[in-house]
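Please read the structure below before turning to the comments.
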């Protein structure tokens, strides 16, 4: 059965690009080493042969110009997908994304649309050190006018990338590199996953664990571990950080009364803080204990394995966070 | 220098160039007055003394061609045929303005007129122009994009990236550097060690041309050649228009460090007076006719101000509109 077919996240993203480029001749991709080589992670593999060099562009190493060109092409009716080889390079494109992509429609009084997708690989956890390992989605959540998406599964990755390309708004689409090789069921052919709809990845009544991207897998592992102690965690994958499906989160918190938010980003000013704030705003009365954020430490990412492990949140940190909101163990502040 | 003032042209076309230049001049002078009267907020950056550049370049463009503009963008808008009434309403912050009062002086956008938008980040629109040009080509539209920028922008990183990317893509872009000799208080000579910014084009592998920015016909000739080259698929050109802004950096900038004798020298080269003289001496236009054109422009601006002041102020609630383009996920009353 095709429903049972399992492919990796990079294959799923590749399928999404193939299908969207087939479907809409205004979709094109631009980035570094994406055409001849098919991308560092093979997400754009095979596109050059099928769609040609005008729509599959190996660009000079000029990230800002690639992003700006994407914005310009979007303004005149194309649907560009710009690939940042490593998501840390967003620092090089911030002006084009924040000051241009996110604002152009508003500044024009609604006279233009900017259907632009910026994809990037978040590469923490594999020893790429401080300039290739950042998880920077919070920067974009803070900027008005952008959509921010971070998928955790191949199924969501394909369906959300298709939605991102079809959306008339600028989308920052961040992919966790360690998830590229993870397999999961992905239907053949066309389907979309809606923007702004969270997914309950695991049901439970004792605690709500909210996360996205690789954090979802940490949360699921922690949940499985605690299930052996008869603690049932509900794991919510927000999938879309902006717009945030706050209703699904608060509904769960109203059921469990406890909230843990997991992110691989540094804690200060993180999206985890935003989730806690939104829940406090909308469901404070439902909270039976102080929410806990499980985040990376506020350091640049170190290189050596024990150091990187010490900075990134681990499954045991999520377990500790869950125990803390349940008041089960010596309450020890988890990482972050 | 590109030669000019030799070719014969249809008189009506020439008179229209003069009218446009006068419209810009009158518009800017009125805008500065309106700023002093506190009817304009923030600031305005007048284009006085540089009218020949925008008018000459836009005379080489067709209605399906596009431009990007700068913080000093009113002249580009007028030259591209935007409606003075909607421009003035925008600058005064009224509902009938091009951007419904969201953009103001520095962000006028009018896609239907080929105005991709004014961009108040110096050099910010350079890559946007490249992407727009590529995107138009992908859609089979035979259009050229002109990117206006200043001598200050020439030292921004994104401009370098954009020029190189345009060259690599053979994008139909014309880069027009308006060298008006000064940043706010820093002379161009303190910002670069080269005399002609046009020289930089050699580094990108496309032609660089120095033109007299106070000679409207010379600007038109230089632009025509560059536009034809771009449209033929031969790639970009950099035109450096040497000119001068004879008014302060902005209506809000009261300090002007430029030597008075330098200002006087440039006032003597006023592009409007110069072209008027040409029309009289070479094209047989009666001085009385020139007066009619000047008065026409002033009336047009008066009517624009009248229209703008009669236009309603935006309702406060409109501030929350158009952050995003319509989308399934966008529910009423929610920003994201």
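Counting each DSSP H run of 4 or more residues in chain A as -39500 (n - 2.57), what helix-only mean residue ellipticity at 222 nm follows after dividing by all residues, to the nearest 500 deg cm²/dmol?
Working: 12 runs with 118 residues, N = 336.
Here the helix-only value at 222 nm equals -10000 deg cm²/dmol.
Restricting to bridges with both residues inside the protein assembly as shown, how much of the DSSP beta-bridge set is antiparallel, in percent to the nearest 5? The antiparallel fraction comes to roughly 15 percent. Separation of region A:100-130 from region B:55-105 is 27 Å, based on Cα centroids.
Relative to the longest principal axis of the Cα atoms of chain A, the long axis of helix A:63-75 makes an angle of roughly 70 degrees. Taking a ≥ b ≥ c as the square roots of the Cα gyration tensor eigenvalues, chain B comes out rounded, since a/c falls below 1.5.
Here the Gaussian network model covers chain A, with springs between Cα atoms less than 10 Å apart; of A:180, A:212, A:106, A:106 fluctuates the most. Against chain A, whose longest principal axis comes from its Cα atoms, helix A:315-326 is set at around 50 degrees. Is the shape of region A:218-328 best called rounded, prolate or oblate, per the rule: a/c under 1.5 gives rounded, else a/b larger than b/c gives prolate, else oblate, with a ≥ b ≥ c the square roots of the Cα gyration tensor eigenvalues? Oblate. Between the alpha-carbon centres of region B:133-157 and region B:241-273 there is a gap of 27 Å.
Among bridges DSSP assigns within region A:2-185, what percent are antiparallel (round to 5)?
Values: 3 of 24 bridges.
About 10 percent, rounded to the nearest 5.
I'd like the orientation of helix A:214-227 relative to chain A: the angle between its Cα long axis and the longest Cα principal axis, in ° from 0 to 90, rounded to 10. Once rounded, one gets 30 degrees. Using a/c under 1.5 as the rounded threshold, could you call region B:120-213 rounded, prolate or oblate? The axes a ≥ b ≥ c are square roots of the C-alpha gyration tensor eigenvalues, and prolate needs a/b larger than b/c, oblate otherwise. It comes out prolate by the Cα gyration axes.
Note on chain B: helix-only mean residue ellipticity at 222 nm, from DSSP H runs of 4+ residues weighted -39500 (n - 2.57) and normalised by residue number, equals -13000 deg cm²/dmol.
Please report B:303, A:32, B:28 as a ranked list, fewest other C-beta atoms within 10 angstrom at the top and most at the bottom. Don't skip to the end; give the middle numbers.
Details: B:303 13, A:32 21, B:28 26.
Final ranking by Cβ density, sparse to dense: B:303, A:32, B:28.
Cβ crowding within 10 Å ranks A:290, B:102 as A:290, B:102, fewest other Cβ atoms first.
Bridge orientation summary for chain A: considering DSSP beta bridges with both residues in this region, about 20 percent are antiparallel. Put in order of Cβ neighbour count within 10 Å, fewest first, the listed residues A:116, A:28 become A:28, A:116.
Here, each number is a calculation from the coordinates, and none is a lab measurement. The shown structure was predicted, so the numbers you read here are calculated from the model rather than taken from an experiment. All Cβ positions, glycine included, derive from the backbone under ideal geometry; neighbour counts span all protein chains shown.
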